[in-house]
Amino acid sequence: MKVTEVQVGLASCGIAAGAEAVFNQFRKILGSKVVVKPVGCLGMCYNEPLVAVITDSGERFLYKRVDAALAKRIAEEHVKGGTPLEDFLAPDDGFFKRQVRIVLENCGQIAPTSVEEYRERGGYEALRRAIQEMTPQEVIVEIQQSGLRGRGGAGFPTGMKWSFAAQEPDPVKFIVCNADEGDPGAFMDRSVLEGDPHRVLEGMTIAGYAIGARFGIVYVRAEYPLAVRRVKEAIAAARKAGFLGKRILGTPFSFEIMVKEGAGAFVCGEETALIASIEGRRGMPRRRPPYPAQSGLWGHPTVINNVETLANVPWIIRNGAEAFARYGTEKSKGTKVFALAGKVRHSGLVEIPMGMTLEELVFDVGGGIPDDKEFKAVQIGGPSGGCVPASLAHTPVDYESITQTGAIMGSGGLIVMDEATCMVEVARFFLDFIQKESCGKCTFCRIGTKRMLEILTRIVKGEGKPGDLDKLIDLGYKVKTNSLCGLGQTAPNPVLTTTRYFQDEYEAHIREKRCPAGVCRALLRYSIDPEACRNCKLCAKACPVGAISQGDGPFQVIQQEACIRCGRCREVCPFGAVRVE
Amino acid sequence: MAKRALKAKKEKPQWKQILQKHPPVPESVIPLLQAFQERYGYIPPEAVRAVARYTRTPLSQVYGVATFYAQFRLRPRGKHLIRLCQGTACHVLGADAILNHLKERLGVEEGETTPDGLFTLEVVRCLGCCSLAPVMMVDEETYGRLTPRAVDKVLAEYRKGKT
Ligand SMILES: Cc1cc2nc3c(=O)[nH]c(=O)nc-3n(C[C@H](O)[C@H](O)[C@H](O)COP(=O)(O)O)c2cc1C
Ligand code: FES
């Protein structure tokens, strides 16, 4: 078995974990003898940096958490010596077993910007078929029959959106790929753009053909410099290979794509705000209708689709609507990519068929909760979404079922929470986010969220008053029904779901001035167990305010009036004698 | 810090070159502000005016854009920019403690620059590396799985002159 290729995961997550040093190490030792290739994200972010060693018989050895030293050993012993280092291989932990990879089929497997490698795996075949063998109308029908719905959050049927724009007589139309991915805790779109950018470009070009647009724009958020770079490289490569530009593949169809960088505003993910931002203005949403499909960029019909939505398109054209519709539930077809993060063992990127339950997602794919903690809830849909409690973990992942819980499917951020997460504090966190990101155009969103935040801040500080809960819920419904855009209309969701499912936690904060999860600082009380204390005084040294002194015996005590509840004493105590309640 | 402002002032006669990379239309306002910030680490007030004149957009509107987007900075920043993530995943995994630690070690609040001009501390929402939470970026480099001790190590590297 000769080793023919070494692949190093060089997406943002891999680089952050130190993959560049690993890559350089392989290059240095192996020179040009073996192909050392940067690839995108495999999704196993919990094992980054990841290295795959491929042999001439097609066997694949996956190493986890590789650093420069281990890279050296792999290069010497495995690549040159032919003996795999069994101890360092990523174990088969069931992570991939229940996944279905459509959008992510190439992620982490190919050199991201290479047209050749993309084509080897069937890339640009869908584009060829669409523009050479199908009419625009047939393309739209195919997408409609597949049942594909928008993956950017709202789940609007993609084929229908395209048909609206196609009907418009305006000869100038646009395709916009929404890569603003503002949901904090989500990184699906980044991974696709970094790991398989051609797939998104191909999807956009097919969409352009379907609706009669000649021009596409990828709107990427400012925090994703690597994604921007890869997309630009991929555009240049596609143009060179004749998949973009004038008269693509000898047909009369021409299409160009350019990249626009966002400037850091969550609301710009909303489609009308996104248009304002591209046009060079403050990213403020406007009333709809007219919808962008009728009047969008500079007043022309514009189809705005999410990255993942577009990444599904080539697969559907290549394999047919029926093959796609075999996955999923009656109304939610295909797969959904999730960014699993938070208190979960396998945090990373996963793609599952719609209809899988949240429980299966967290435990079978995600590997469950670390440190033997209790599973409490998942936060799904980001700041517009909500918290689904463990008691509803049997909820299947499809648009309607998730909406019924009060959360939304959202774009794919999924944060797992355990018993040590305070739901009141989580609600406050999201509201704080929304309140800062509200563009300020409409009153309910601007002032309503501010008032709600004040109440929540009061509650986590232990200053909650009776009646606060009712006021919060009442305000929440008002903001939800009276706001101008999706930001305000969904902003109260995290509050409304937590007050519904975790009312007792709110009550504990308000009535008993107690935080059951032990998170809200102002409600904690630190003390030293005299039995467990060995009087080593490490805590007294560590205390930044000098609140710890000698007790009347061989132990230390904390002066409650002086304590600022920073928890430093608890961190340094070697005997676990500092209690918190 | 003052260095950047000085550089901006000195180069002002050559700003035309920056401006002319984009067409003189209102759509260029954001890319132009980004270009200035890329060059100087912030947008000098004079540049806001220059962009307005060049794109034939009212100054109020350009200023409105410059203050609307979180990315834009109207004051000079330190040599290194620390962006600490306070997104959901990082928050759940203790980014608050990291923020407090950073504030203490640097002696500054969010958005401020250390007196020696070495670091500016900013807080951002999600760097897209949630599985490595808590995460921060120093300039273009990302650091994950942070602990207070890991933060100290990173700061020390930059203090020693890492660029
Ligand atoms: C506040 C707000 C933020 C949004 N952020 C995003 C985003 O980051 N990415 C995205 O694709 N859609 C986002 N959307 C949804 C878009 O408005 C739009 O529905 C979507 O891009 C349409 O594409 P799709 O049909 O393919 O899902 C956001 C909506 C709102 C109200
Ligand atoms: S939440 Fe911190 S990187 Fe995403």
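Annotations for the structure displayed:
- Using θ = phi - 60° in the Karplus curve 6.51 cos²θ - 1.76 cosθ + 1.60, the 3J(HN,Hα) couplings for the stretch A:119-135 round to 5, 4, 9, x, x, 6, 5, 5, 5, 4, 4, 4, 7, 9, 10, 10, 7 Hz; x is entered for Gly and Pro.
- Å³ per residue enclosed by the Cα convex hull of the protein assembly as shown: 173
- Gap separating the Cα centres of the stretch B:84-129 and the stretch A:355-404, nearest whole Å: 29
- The packing ranking, built from the mean of other Cβ atoms within 10 Å per residue, places the peptides B:134-147, B:53-66 in the order B:134-147, B:53-66, highest first.
- Nearest 10 degrees, 0 to 90: helix A:225-240 Cα axis against chain A principal axis: 10
- Whether the stretch A:119-250 is rounded, prolate or oblate, judged on the alpha carbon gyration tensor where a/c under 1.5 counts as rounded: oblate
- Hits among aspartates and glutamates - C-alpha to C-alpha of A:LYS513 under 19 Å, sequence gap 8 or more where chains match: A:GLU419, A:GLU425, A:GLU454, A:GLU463, A:ASP468, A:ASP470, A:ASP504, A:GLU505, A:GLU561, A:GLU581
- Annotation: extensible slack from A:LYS478 through A:ARG326 equals 50.7 nm (criterion: 0.36 nm per residue apart, minus Cα-Cα distance).
- Most positive-pole-ward Cα, A:GLY576, A:ALA238, A:ALA522, against dipole of chain A from beta carbon charges: A:ALA238
- Where GluC sites (Glu not before Pro) fall in DSSP loop in the stretch A:37-136, at most 15 other Cβ within 10 Å: A:GLU59
- When the helices of chain A are scored as -39500 (n - 2.57) per DSSP H run of n ≥ 4 and the total is divided over every residue, the value at 222 nm lands at -10000 deg cm²/dmol.
- Restricting the stretch A:534-574 to trypsin sites (Lys or Arg not before Pro) in coil, as DSSP defines it, with at most 15 other Cβ within 10 Å: A:ARG534, A:LYS537
- Amide H within-cut-off set for B:VAL124, under 5 Å, with H built and near neighbours excluded: B:LEU84, B:CYS85, B:GLN86
- Shape category assigned to the stretch B:2-68 from the gyration tensor of Cα positions, a/c cut at 1.5: prolate
- Between helix A:158-167 and chain A: long-axis angle, C-alpha atoms, 0 to 90°, nearest 10: 50
- Spatially, the stretch A:72-91 and the stretch B:2-46 are offset by 51 Å when compared through their Cα centroids.
- Protein accessible surface hidden between A and B, which excludes ligands and nucleic acids, total in Å², probe 1.4 Å: 3400
- The packing ranking, built from the mean of other Cβ atoms within 10 Å per residue, places the peptides A:428-437, A:184-193 in the order A:184-193, A:428-437, highest first.
- Shielding of A:214-224 by partner chains, average beta-carbon count, 10 Å: 2
- Residue among A:TYR506, A:ILE304, A:VAL22 farthest towards the positive dipole end of chain A, charges placed on Cβ: A:ILE304
- Only alpha carbons enter this Debye calculation for the stretch A:299-398, each as an equal point scatterer, and the log10 of I(q)/I(0) it gives at q = 0.13, 0.16, 0.24 Å⁻¹ is -0.56, -0.79, -1.33.
- Under the convention that each Lys and Arg Cβ holds +1 and each Asp and Glu Cβ holds -1, the size of the dipole of the stretch A:335-418 around its Cα centre is about 220 debye.
- Accessible surface of the protein assembly as shown, 1.4 Å probe, proportion on carbon and sulfur as whole %: 51
- Label zone (A:SER527, point 7 Å along Cα-to-C-beta; backbone nitrogen cut-off 15 Å) within the stretch A:491-506: none.
- Scoring A:453-466, A:400-413, A:367-380 by mean Cβ neighbours within 10 Å over their residues and listing the highest first yields A:400-413, A:367-380, A:453-466.
- About the Cα centre, charge dipole magnitude for the protein assembly as shown (Lys/Arg +1, Asp/Glu -1 at Cβ), debye: 2820
- Separation between Cα centres of the stretch A:465-512 and the stretch A:139-200, rounded to whole Å: 32
- Total charge dipole magnitude, the stretch A:423-511, about the Cα centre, Cβ charges on Lys, Arg, Asp, Glu only, Debye to nearest 20: 380
- Compared with the dominant Cα axis of chain A, that is its longest principal axis, helix A:136-146 is turned about 40°.
- Sequence-separation-based contact order of chain A, relative, with Cα cut under 8 Å and 6+ spacing, percent: 12
- Estimated vicinal HN-Hα couplings, Hz - the stretch A:477-493 in sequence order (Karplus 6.51, -1.76, 1.60; Gly, Pro = x): 5, 5, 4, 4, 8, 10, 7, 6, 10, x, 4, x, 5, 10, 3, x, 3
- For residues of B:69-77, the mean tally of beta carbons on other chains within 10 Å: 3
- Across peptide B:117-130, the mean count of Cβ atoms from other chains lying within 10 Å of each residue's own Cβ comes to 6.
- The stretch A:1-103 - percent relative contact order, Cα under 8 Å, separation 6 or more: 31
- Amide H contacts of A:GLY342 (H built 1.01 Å from N, in plane; Pro and chain starts excluded): A:VAL416 sit under 5 Å, all sequence-distant by 5 or more or on other chains.
The values are calculated or read from the model by the stated rules, or taken from the named source; none is laboratory data. Treat the numbers as computed from the prediction; the structure is a model and nothing was measured. FYI the Cβ positions are ideal-geometry reconstructions off the backbone, even for glycines, and counts take in every protein chain you see. Ligands, DNA and RNA are stripped out before the accessible areas are found, and what is left, the full protein with its side chains, is counted by its heavy atoms. Shrake-Rupley method; radii C 1.70, N 1.55, O 1.52, S 1.80 Å.
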